[in-house]
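Note sheet for the following structure.
The values are calculated or read from the model by the stated rules, or taken from the named source; none is laboratory data. Not measured: the values here are computed from a predicted model. We work out accessible area using only protein heavy atoms, side chains counted, and drop any ligands, DNA or RNA first. Shrake-Rupley method; radii C 1.70, N 1.55, O 1.52, S 1.80 Å.
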Amino acid sequence: MTFSHTIWASQVAAAADLPDERLDKRLTAILVETIEHPSASISQASGSAGQAKATYRFYSNPRVTPAALRLGFTTDTARRCLDQKVLLVVQDTTTLNFTGLHTIPELGPIDSGKLASGVHLHTALAVTTTGQVVGILDRQYWARPWPGQPGPEEKESGKWINGIDASRAALYGVAGDGALPRLIHVMDREGDAYEVMMAVVDAGDSAIIRCAQNRRIDDPLAKAHQAVRSQPVLCRTEILVCRKAGVPQRHARVEVRSMPVTLVPDLEKYPHAWPMTWNLVEVWEPDPPVGTEPVHWLLWTLEPAATAAEALEVVRKYTCRWPIEEVHLVLKSGCRAEDLRLQTWERLEKAVTVDAAVAARIVSLRDLARETPEAPALEVLSEDEVEVLVCRFGKGMKPSERTIGQAVLWIGRLGGHLNRNRDGMPGVRTLWRGLHDLTLLVLGFQAGKRLRE
């Protein structure tokens with residue numbers, strides 16, 4: 001489902017169920033301003049002193065609660081998930097640095113030296129099985145205690161279980177008597193906790209979790225990692241290894257193995273646990289290039305994995321986890337959430353919640369261009385935005401004939417994408433820069449129309 005930023009913003013505002021229609025209109029305006037000026041400060045995005053003051057009043061208004069904003073975003077996302085037969089719920093954590101905000105006691109240490117302060121943000125992101133971002137289903141904020149302060153009652157591993165429960169609750173809340181998508185919870189190595197695996201089984205869902213623990217199993221080899229390595233190779237294939245800091249993107253030749261294992265819990269550590277049967281899929285690069293870290297993934301899953309095709313599908317679905325890292329990147333580097341200077345935690349939480357939803361929207365725009373490039377551009381952009389892009393890059397073309405794929409390429413051009421054959425589609429960095437420049441061009445275009453009238 002595609003729709004313009006303004007329609008999306010108004011639907012979120014309606015779902016937030018704010019106590020005043022004027023607050024609905026203000027939230028709609030804030031969302032549109034933020035997505036059109038993702039890198040701008042509140043005063044820059046607002047466009048005038050009066051509008052900026054109205055935004056600050058919105059965030060300081062006690063009738064606008066963080067819970068109401070979360071409800072608006074999760075309800076809107078959940079509604080758009082119901083047309084999926086299978087849905088990936090991808091969870092991950094990032095850290096937000098607010099060291100300069102000394103007046104907010106709710107912040108905690110975020111580095112080992114206890115010099116930087118901020119909060120941790122854990123996101124549950126709805127993603128289709130093709131890797132397209134739908135939106136955010138849950139977000140959790142917390143701060144670790146300073147030395148001398150009491151620790152939290154709940155272990156941090158509870159964030160994964162909370163994400164599972166909250167995502168299911170959001171979907172149940174909008175589905176009514178209708179069918180829910182089948183959920184596959186996708187997590188990195190931090191999610192490899194026995195309590196998390198039990199929660200997935202209890203919920204009746206599925207999961208793909210990067211394995212960190214060499215768990216005890218009911219097998220002659222006793223340990224999961226040794227047992228799966230002893231299995232015959234299902235297939236040998238080539239996979240794309242994404243670029244990391246200082247390491248270029250490359251292709252790796254890997255071996256894929258799989259086996260079902262029965263996990264034997266440590267009853268001293270988990271007295272209420274029970275044995276569970278999961279599949280373990282191993283992706284291993286036996287001969288990496290010299291000086292390169294070999295690819296080695298071990299994935300716990302409840303998905304079928306007995307054949308080469310099934311195991312490769314598990315691996316493919318796990319790679320759909322990458323968009324959540326891009327959403328966090330856009331939140332911090334694109335929307336510059338860490339530059340917010342609101343002076344209470346409640347106001348700051350509201351603004352970060354808005355920025356996080358906008359970050360997911362920007363990544364989903366990139367995904368739409370890849371998944372449905374031939375859809376009309378007017379389904380996601382306004383008439384003025386499309387007309388400006390045509391005037392700038394496609395003179396002689398009709399705006400109504402422009403596609404999402406073409407529009408995103410042009411927005412990328414505004415953000416510095418060169419659109420060479422080897423460049424592919426624009427990334428999220430060029431998109432947030434391009435959206436900002438497009439907004440400035442549209443403002444000039446609209447001013448010119450008013451002068452001509």
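How compact and how long is the range 404-453, expressed as Rg and Dmax of its alpha-carbon atoms in Å?
Cα-based Rg and Dmax for the range 404-453 come out at 13.0, 44 Å.
Apply the Kirkwood formula to the range 304-388: the hydrodynamic radius equals the inverse of the mean of 1/r over all pairs of different alpha-carbon atoms; give it in Å with one decimal. Before the final figure, lay out the partial values.
Working: mean 1/r = 0.0635 Å⁻¹.
Roughly 15.8 Å, rounded to one decimal.
Return one number: the angle in degrees, 0 to 90 and rounded to the nearest 10, between the long axis of the Cα atoms of helix 66-81 and the longest principal axis of the Cα atoms of the chain.
The angle comes out near 70 degrees.
Return the long-range amide H neighbours of Leu137 (sequence gap of 5 or more, or a different chain), with a cut-off of under 5 Å between placed amide H atoms.
Placed amide hydrogens put Ala124, Leu125, Ala126 under 5 Å from Leu137.
Once you sort the root eigenvalues of the Cα gyration tensor of the range 1-69 as a ≥ b ≥ c, which label holds: rounded (a/c under 1.5), prolate (a/b larger than b/c) or oblate (the other case)? Present the calculation step by step, with values, prior to reporting the outcome.
On the way: a/c = 2.00, a/b = 1.06, b/c = 1.89.
It comes out oblate by the Cα gyration axes.
How many times 2.2 N^0.38 Å is the alpha carbon radius of gyration of the range 194-305?
This ratio for the range 194-305 stands at 1.20.
Principal axes first, then extents: for the Cα atoms of the chain, list largest minus smallest coordinate on each axis, whole Å, largest first.
That works out to 83, 56, 51 Å along the principal axes.
Can you give the convex hull volume per residue for the Cα atoms of the range 18-173, as a whole number of Å³?
For the range 18-173, the hull spanned by Cα atoms encloses 160 Å³ per residue.
If you fit an axis through the alpha-carbon atoms of helix 194-203 and take the longest principal axis of the Cα set of the chain, what angle between them do you get, 0 to 90°, nearest 10?
70 degrees
At 1.4 Å probe size, with the rest of the protein present, what percent of the exposed accessible area of the range 193-298 is carbon and sulfur atoms?
51 percent
Please give the per residue accessible area of the chain, computed with a probe of 1.4 Å over protein heavy atoms only, in Å².
Details: 21000 Å² over 453 residues.
Per residue, the chain has 46 Å² of solvent-accessible surface.
For the Cα atoms of the chain, what angle does the longest principal axis make with the long axis of helix 345-371, in degrees from 0 to 90, nearest 10?
It works out to around 80 degrees.
Assign one of three labels to the range 316-453, namely rounded, prolate or oblate, based on the Cα gyration tensor with a ≥ b ≥ c the square roots of its eigenvalues; rounded applies when a/c is under 1.5, prolate when it is not and a/b is larger than b/c, and oblate otherwise.
It comes out oblate by the Cα gyration axes.
Using the structure shown, list the pairs from Lys25/Lys350; Lys159/Lys317; Lys85/Lys317; Lys53/Lys350; Lys223/Lys317 with a Cα-Cα distance above 18 Å, or answer none.
Check vs 18 Å cut-off fails for Lys159/Lys317; Lys223/Lys317.
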